[in-house]
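Written below as structure tokens is the structure these notes are about.
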Amino acid sequence: MLGKGRGFRKKDVSQAIDELKSSYERLIYDHALNPALLESLEDRHRHAMNTGRDPDRFLEEEIQEYKRLESNTIRKEHAESLKTEAKRRRLAGESFADKVLDEYRQRIEHYPEVAIHPDADPEVSKLYGAMGFLDNRHWGVLQAFLRRAFPQAGQLDRMSIEQRFWRFVATRAGRLPEELERYRRALTAPSATKKEKVREAQEAMKLAAFFLHDLLDVCERAVEQIPPDDEVDKAMDFVRGMINDFRLKDLKRR
């Protein structure tokens, strides 16, 4: 892009200077910066031309200076934005914990829900809804892949994985997954305490987390046996996404 030799006679060098000036103009306009920044560039440009500075070196230094200015400007505005948002939340009575929970709710919002009970924890409803989506969209692909990788029954708990999976999904319309029955009973029992309901919700989450980690472990071992196709990769990525979105990364068997 840059011309060779001394002076600024090359067309591509002149064009690069014009583009740099345009970048300054946009940065100044978009972030309400001092217009003197552009004037300083033009002064340095004239001085470089008059003194016969090497154009490549001049452009390199000016481009680096522009990038530094742009980066600092964006970083400063981001910091100011965070301060403004924190102040808004304080004035609204929101805490940092509220912000974290709000971001978490947004991460799992796109998953379907299982209708457990009006008082059910939305996180549990979403997690088991995601298990249902895994069943409808990806399970057939994963099951076939595991059977090709481990054709003999019992290899690396492949049969156990298949049998356990059906406890987390509805086997027929209108019926809850088997692993949700204890939680549903706790929610409907008049004598159940709030503590008992929370404990059963946590247990339902823990069992699903254990299964997802075990499923992913078996799939990753299968990949060592035969190469996966795109559909298998998508299915495994979906399982990883569930683990991340529902914050299950550390909820695994010890």
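Just a few scattered comments:
- Residues within segment 118-147 that are part of a loop (DSSP other than H, G, I, E, B) and either free of Cβ contacts under 8 Å to residues at least 40 places away in the same chain or surrounded by fewer than 18 Cβ atoms within 10 Å (Cβ to Cβ) (or both), tallied: 2
Results for (1) of a type in the set (A, V, I, L, M); (2) free of Cβ contacts under 8 Å to residues at least 40 places away in the same chain, shown as yes or no for each residue.
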| position | (1), (2) |
| --- | --- |
| A149 | yes, no |
| M159 | yes, yes |
| F168 | no, no |
| R172 | no, yes |
| E178 | no, yes |
| R182 | no, yes |
| A189 | yes, yes |
| K197 | no, no |
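- Qualifying residue in segment 64-81 (condition: assigned to a helix (DSSP H, G or I), over 30 Å from D245 (Cβ atoms), at pLDDT below 90 and among the β-branched types (V, I, T)): yes
- Number of positions in segment 236-254 that are assigned to a loop (DSSP other than H, G, I, E, B) and either touching a Pro at 6+ places or on another chain (Cβ under 6 Å) or farther than 21 Å from A222 by Cα (or both): 6
- Hits in segment 230-254 (condition: in contact (Cβ under 8 Å) with a residue 40 or more places away in the chain and of a type in the set (D, E)): E231, D245
- The residue pairs whose first member lies in segment 56-71 and is free of Cβ contacts under 8 Å to residues at least 24 places away in the same chain, whose second member is surrounded by 12 or more Cβ atoms within 10 Å (Cβ to Cβ) and of a type in the set (A, V, I, L, M, F, W, C), and whose beta carbons are closer than 6 Å, counting only pairs six or more residues apart or on different chains, are F58/A48.
The values are calculated or read from the model by the stated rules, or taken from the named source; none is laboratory data. Since the structure is predicted, the reported quantities are computational estimates derived from the model, not experimental observations. Heads up, the Cβs are rebuilt from the backbone with ideal geometry, glycines too, and the neighbour counts pull from every protein chain shown.
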